[in-house]
Amino acid sequence: MVDLAYVIAGSEATGGAGLQADLRTFQQLGTYGIGTVTCIVSFDPKANWAHRFVPVEPQVVADQIEAATSAYDLDVVKIGMLGTPATIDVVADALARQPWRHIVVDPVLICKGQEPGAALDTDTALRRQILTLATVTTPNLFEARTLSGMDDLNTVDDLVEAARRIADLGPRYVVVKGGVEFPGDDAVDVLFDGTDAEILRTPKVGHARVAGAGCTLAAAITAALAKGSEVSDAVRLAKDFTTAGIVDRVSGNTPFDAVWQGASDAPR
Ligand code: PXL
């Protein structure tokens, strides 16, 4: 039977990020994707594509998780944007109700579209209630600065130290993503396993951010783990999959492009 991959995340209405990117990734990697929607983000084309954010009623999030986990024996889950402390409570409770082989947490911090106080409460709840459950977490540079408390992340050694500090918060494996903002010509990611750091490099594909890259990377790690890969193999496959999707990206009327998960030379 096909391997099952589960995601609990937000919907992003242009389809570039969030649950839409996650489910496309699951499908392309040959897994049966199941999704629970936590919130709805609708970029506003009349306001420079700013985030409009609406949380799904926490009980409805709980109901969706109950349906998904009752229908199937799920053991690998990706956690994307959760959005509010109330949603985080519900998701943390649901995750505690059964064993998981892997919980992949994309620590989507600072929920744009929320007022700053609410965003800070959400970040604190995520760190305390969700990050501690992660077997793998995938912070970007901004999230790595916030979670590690290190303001300057300019060298590979800095990324390794940040990963080490984030591992101290609970996750077994930490993937710090340098992305386009990290100095140099390479897209550098660091995989820290609690003892050793592996440095993954590919040449940067341009210098503009591409929507959905973080979601796609974490979803591809999740799909590979669902199929039985070891973490370091899953991370390497996910980086190649995401890079291929950035090369073949989709352009629309937004000021940013989006990753194409169906890139012809993406690994499967
Ligand atoms: O890329 C982070 C992200 C995750 N999930 C949702 C989003 C975004 C960014 O816009 O909207 C739902």
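Simple spin-label estimate for Ala118 and Ser232 gives 4.4 nm between the two label positions (7 Å along the Cα-to-Cβ direction from each Cα). Across the range 1-104, the volume of the C-alpha convex hull divided among the residues equals 94 Å³ per residue. Radius of gyration over Kirkwood radius for the chain, both on Cα atoms: the Rg/Rh ratio is 0.93. Taking the number of other C-beta atoms within 10 Å as the exposure measure, put Thr87, Thr25 in order starting with the fewest. In increasing order of surrounding Cβ atoms, one gets Thr87, Thr25. Taking amide H as placed 1.01 Å from N in the peptide plane, the amide H of Tyr173 sits under 5 Å from that of Val136, Thr137, each at least 5 places away or on another chain. Each residue of the range 38-43 was assigned a 3J(HN,Hα) from its phi angle through the Karplus expression (A = 6.51, B = -1.76, C = 1.60, θ = phi - 60°), giving 9, 6, 10, 9, 10, 4 Hz with x at Gly and Pro. Backbone amide hydrogens, once placed in the peptide plane, bring Phe43 within less than 5 Å of Ala13, Thr14, Arg52, excluding anything fewer than 5 places away on its chain.
Which order do Phe142, Phe43 fall in if you start with the one that has the fewest other Cβ atoms within 10 Å? Mind dumping the intermediate values first?
Details: Phe142 13, Phe43 20.
Going from sparsest to densest Cβ surroundings: Phe142, Phe43.
The equivalent ellipsoid of the range 51-122 has semi-axes of 24, 13, 10 Å, largest first, where each one is the square root of 5 times an eigenvalue of the Cα gyration tensor. Residue by residue, the range 3-19 carries 3J(HN,Hα) couplings of 6, 9, 10, 10, 9, 10, 6, x, 8, 10, 5, 7, x, x, 10, x, 4 Hz when phi is fed to the Karplus relation 6.51 cos²θ - 1.76 cosθ + 1.60 (θ = phi - 60°); x denotes Gly or Pro.
With the Kirkwood sum run over all distinct C-alpha pairs, the range 10-53 has a hydrodynamic radius of 11.1 Å. Taking every Cα-Cα distance in the range 111-212 and sorting them into 10 Å bins from zero, the calculated P(r) comes out as 16, 44, 33, 7 percent. In this structure, the amide hydrogen of Tyr32, modeled 1.01 Å from its nitrogen in the peptide plane, lies closer than 5 angstrom to those of Asp3, Leu4, Ala5, counting only residues at least 5 positions away or on a different chain.
Since every read-out is calculated from the coordinates, none of them should be taken as a lab result. Quick caveat: nothing in here was measured; it's all calculated off a predicted structure. All Cβ positions, glycine included, derive from the backbone under ideal geometry; neighbour counts span all protein chains shown.
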